[in-house]
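Please read the structure below before turning to the comments.
The values are calculated or read from the model by the stated rules, or taken from the named source; none is laboratory data. Model, not experiment: these values are computed from the prediction. Here the Cβ is made from the backbone with ideal geometry for all residues, glycine too, and neighbour counts use every protein chain on show. Accessible surface areas use protein heavy atoms only, side chains included; no ligands, DNA or RNA. Shrake-Rupley method; radii C 1.70, N 1.55, O 1.52, S 1.80 Å.
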Amino acid sequence: MDILLTVRAGVALAAIPALIGQSCSEQPANVALGVLAQERVALTATANEIVVDEPVAEGTFVKAGTVLVKLDDKLQAANVAAAEAGRDKAQADLDKLTMGARPEELRIAEARVESARAAFTEANSTLERSKVLLDRGTITSATYDQDVARHDSAQAELASAEQSLAELTSGAREEDLRVAQAQVAAADAQLAGARSKLSDLTIRASRDGVLDSLPWNVGERVSLGSPVAVVLAGATPFARVYVPEPYRVHLKKGDKLMVHVDGIDAPFEGTLSWISNDPAFTPYYALNQKERSRLVYLAEIAMPKGTADLPLGIPVEVDLP
């Protein structure tokens, strides 16, 4: 998954040339000054890896989902393979518990029971004869005690064999099944995380727009969290201007305003798409010394169709009602 950072500002207003800094005494009072900007979407790296491919050139219009940058994924692909193996093992353990013993295992357990039963029968018969012989004085007590021990051992072996057969026949305990199911769920989650990290190494455009810049070159190792591609989103730019405080009360979202772009005689009719509710101090370059203490409100005015090719950062003036 890409880490998406959307920057509302297109161009730092502090970099506007001194022509905006002309004394506002030369400007009409009902004018908001600013620049053309466009929404910037910075796609960042999720790992410290080497750039292996940049299939799209800067300045190209891209659709959402277009591959912009590929980072080296060999290490993460190995992690995915390991996670897949762990998941397969957990699933196999669960299947073994669910399906129960194989017919061959059951037959082996049954044969062990029969063998143990035969041994116990023989030991029991021997013990009975030894008891009679002991009563007659034919054998010693030590010999009788040995026969008792063999009898008890054969009886214990028979009980063990019968319990093993019962365990195979009845299947796994409910607790063992829950443990195995939890292990499968944990393995699934680990695999999903590994696959997501692998996918994030292929940087794709998250929105339609123009690929503005590729800060890293192929072969360079990027740092975690650094931008690897910047897309200018939106079909047209917007005018980002400062509205003087006295005019704020007359403006609302959706208002039509005339935007004058430096170098173009005819104004454009824009639509006020956003205006801040929080005032700021007027930039030093926008007002003369006397007026610099006045408050302004940052606003964005959507430009009409046909303005997509206008250069970003060009100064604009907006007529205010």
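Observations, loosely collected:
- Lone unmet requirement of (1) out of contact with any strand residue (DSSP E or B) (no Cβ under 8 Å at 6 or more places or on another chain); (2) outside any helix (DSSP H, G or I); (3) open to solvent by 50 Å² or more (accessible area, probe 1.4 Å) for ASP135: (2)
- Leading residue by the ranking (surrounded by the most Cβ atoms within 10 Å (Cβ to Cβ)) among those in the stretch 235-270 that are in contact with a Lys or Arg (Cβ under 8 Å, 6 or more places away or on another chain) and in contact (Cβ under 8 Å) with a residue 40 or more places away in the chain: GLY270
- With respect to the conditions (1) open to solvent by 50 Å² or more (accessible area, probe 1.4 Å); (2) modelled with pLDDT of 90 or more, ALA90 lacks only one, and its number is (1).
- Test for GLN181: is it touching a residue at least 24 places away in the same chain (Cβ under 8 Å), within 52 Å of the chain's Cα centre (by Cα) and open to solvent by 80 Å² or more (accessible area, probe 1.4 Å): yes
Matching residues to (1) of a type in the set (Ser, Thr, Tyr); (2) open to solvent by 60 Å² or more (accessible area, probe 1.4 Å); (3) in contact with a His (Cβ under 9 Å, 6 or more places away or on another chain); (4) part of a loop (DSSP other than H, G, I, E, B):
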position: PRO55; (1), (2), (3), (4): no, yes, no, yes
position: LYS70; (1), (2), (3), (4): no, yes, no, no
position: LYS96; (1), (2), (3), (4): no, yes, no, no
position: LEU106; (1), (2), (3), (4): no, no, no, no
position: ASP147; (1), (2), (3), (4): no, no, no, no
position: ASP152; (1), (2), (3), (4): no, yes, no, no
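- For the stretch 93-107, a residue qualifies if it is closer than 16 Å to GLN183 by Cβ and either modelled with pLDDT of 85 or more or in contact with a helix residue (DSSP H, G or I) (Cβ under 8 Å, 6 or more places away or on another chain) (or both), and the qualifying residues are ASP93, LEU94, ASP95, LEU97, THR98.
- Condition check for ALA109: out of contact with any Lys or Arg (no Cβ under 6 Å at 6 or more places or on another chain), of a type outside the set (S, T, N, Q) and more than 14 Å from THR169 (Cα to Cα): no
- Flag for GLN76 being closer than 22 Å to GLN190 by Cα, over 23 Å from the mean Cα position of the chain (by Cα) and part of a helix (DSSP H, G or I): no
- Looking only at residues of the stretch 167-178 that are among the aliphatic types (A, V, I, L, M) and open to solvent by less than 50 Å² (accessible area, probe 1.4 Å), we find that the one that is modelled with the lowest pLDDT is ALA172.
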